[in-house]
Structure formats: structure tokens, C-alpha cells
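Structure incoming, see below.
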Amino acid sequence: DLREVSGRIFTDELVRTFTDLPEAELSRAVGLLADRKKRIWSFGGRFSEILATYLDLHLRQMRPDTRVLTEPPDRRAGFMLDVGRRDVCVVFDFRRYQPDVIELALHARSQGAQILLMTDPWLSPIAASADVVLPVRVESPSPFDSLVPATAAVETLVAGVLAELGGRAQDRMTLADSLAHPQPGTFDS
């Protein structure tokens, strides 16, 4: 039955991902993402861009200077001009590695940005230039790669950043929530 097969595959792949995820790399990734002196850029490929957006939506509630790069390749000139030493690029690149994602990550690296790469166990070509590499499993019950373990790894990074930033992140999240959902009369002049 599909439910049983899928449940077993996803459970096994989550366990394998977290068993194999290097603790030192995970800690270093959290440290980079929590460093408020750094500007964070997240980007990925055709499917993995979803993970970049998901990570960014969480990070921007906890800290300033986070962005997700969703522009098509011909509109990324601004990023390519501005990226530099104060930046951390969180790159999501999985097999069938996208040439434009690889090119963008390598350009950022050449400009002094740090690269935090989430990839599959076979490792994107970006891995050779990355500061941090987080390999996650991608097996699924269909011919498509699964983002389930990668999503769990993203949520683990979010939990780590929240723990690292502590009260500052909590205060920012509370303020962001009140700005997003103001009570009637809150912003009257």
C-alpha cells in the first residue's frame, strides 16, 4: 500500500539524513546564519528554490538582512555586483545540478562570500568551493527527488538560529507579528 511504502521510505530517509549530517557542519551553518553582521542570501534551483524561500521566510522574522534571490538568471546583475565579504549565500543544489545556480554560487565565492550548501549525498559541484556542506537524502517513492529530509534540515537550522539568537529573535518575531497583524487602532495618528 502506498501509505505504508511512502511512510517507510520517508522515515528511513529522515533517519539516514540526521544520522549522516555532520554535527560540526550543522553548528557552523547555524553560526553563519545567526551572525547579525552578515547579510544572508538564499537561492536554489527549479524545485529547491522553495527551500530557499522557506528558510528566508523564517530568518527574516528572527534577524535583519536576509533575502531570497528568485530573479531569473538574466536579472541577477544587482546581486552579482553587490555580493561580497559580508555575505553568506545559502545555496540549495540537488542532482541534475543547475548550471545557473552553480555559476551564481561560484561567482559569489569569488567575490568573498561564504557559501553554505545543502545538497544530496552525491554532492553538487559547488561543494568543492563551499564553506559548509549539508548533505541530505533525496530518495522517494516516486521518480522525483524528495525535499522532505531537506525541509527537516531547514527547520533544524531555523531552530538552531532561534536558540543562538535567543531573546533578540523572540522580540523581533513578536514585533513582526504585531506589524503583520495589527490590532484595530494600533497605528492611528
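The values are calculated or read from the model by the stated rules, or taken from the named source; none is laboratory data. All values derive from a computational prediction rather than experimental measurement. So basically every Cβ, Gly included, is an ideal-geometry build from the backbone, and we count neighbours across all protein chains shown. Keep in mind that these areas ignore ligands, DNA and RNA; they rest on the heavy atoms of the full protein, side chains included. Shrake-Rupley method; radii C 1.70, N 1.55, O 1.52, S 1.80 Å.
Which value in deg cm²/dmol, rounded to the nearest 500, describes the helix-derived mean residue ellipticity at 222 nm for the chain, given -39,500 (n - 2.57) per DSSP H run of n ≥ 4 and division by the residue count?
Mean residue ellipticity at 222 nm (helix-derived): -16000 deg cm²/dmol.
If you find the alpha carbon centre of the range 11-47 and of the range 87-107, how far apart are they in angstrom?
14
Additional query: Using Cα springs under 10 Å in a Gaussian network model of the chain, which residue among Val161, Val90, Val148 shows the largest mean-square fluctuation?
Greatest mean-square fluctuation among the candidates belongs to Val148.
Using each residue's phi in the range 38-54, evaluate 6.51 cos²θ - 1.76 cosθ + 1.60 at θ = phi - 60° and report the 3J(HN,Hα) Karplus result to the nearest Hz, with x for Gly and Pro.
After applying 6.51 cos²θ - 1.76 cosθ + 1.60, I find 9, 9, 10, 10, 10, 7, x, x, 3, 9, 6, 4, 4, 5, 4, 5, 4 Hz.
Give a residue-ordered list of calculated ³J(HN,Hα) values for the range 67-73 (Karplus: 6.51 cos²θ - 1.76 cosθ + 1.60, θ = phi - 60°; whole Hz; x for Gly, Pro).
8, 10, 9, 10, 5, x, x
Students often get this wrong, so try it: which of (i) 13.5; (ii) 10.3; (iii) 17.5 is mean projected area of the Cα convex hull in nm² as calculated from the structure shown?
(i)
Hey, can you grab everything whose amide H is under 5 Å from the amide H of Asp87? Only 5+ residues off in sequence or another chain; H modelled, so Pro and N-termini drop out.
Long-range HN contacts for Asp87: Arg39, Gln114.
Right, another one. For Val15, what charge total do you get from the other residues with a beta carbon under 13 Å from its beta carbon, if Lys and Arg give +1 and Asp and Glu give -1?
My count for the surroundings of Val15 gives -1.
OK, next. If you roll a 1.4 angstrom probe over the protein chains with everything in place, what fraction of the accessible area of the chain belongs to carbon and sulfur, to the nearest %?
Here it works out to 55 percent.
Where only protein heavy atoms count, and the probe is 1.4 Å, what is the accessible area per residue for the range 30-189 in Å²?
Each residue of the range 30-189 exposes 50 Å² on average to a 1.4 Å probe.
Compute a Gaussian network model of the chain, connecting alpha carbons closer than 10 Å, and tell me which residue from Leu116, Leu81, Leu157 fluctuates the most.
It is Leu81.
In nanometres, what is the gap between the two model label sites at Glu139 and Trp122, each 7 Å from Cα along Cα-to-Cβ?
Placing both labels 7 Å beyond Cα along the Cβ direction yields 1.5 nm.
Using a Gaussian network model of the chain with C-alpha springs under 10 Å, which one of Met62, Met173, Met118 is most mobile by mean-square fluctuation?
Among Met62, Met173, Met118, the largest mean-square fluctuation in the Gaussian network model of the chain belongs to Met173.
Show the residues, 5+ positions off or on another chain, whose built amide H is closer than 5 Å to the amide H of Ser42.
HN-HN under 5 Å from Ser42: Arg67, Val68, Leu69, Val90.
Multiplying the sequence separation of Ala176 and Val5 by 0.36 nm and subtracting their Cα-Cα distance, what value in nm do you get?
Once the chain is fully extended between Ala176 and Val5, it gains 57.5 nm.
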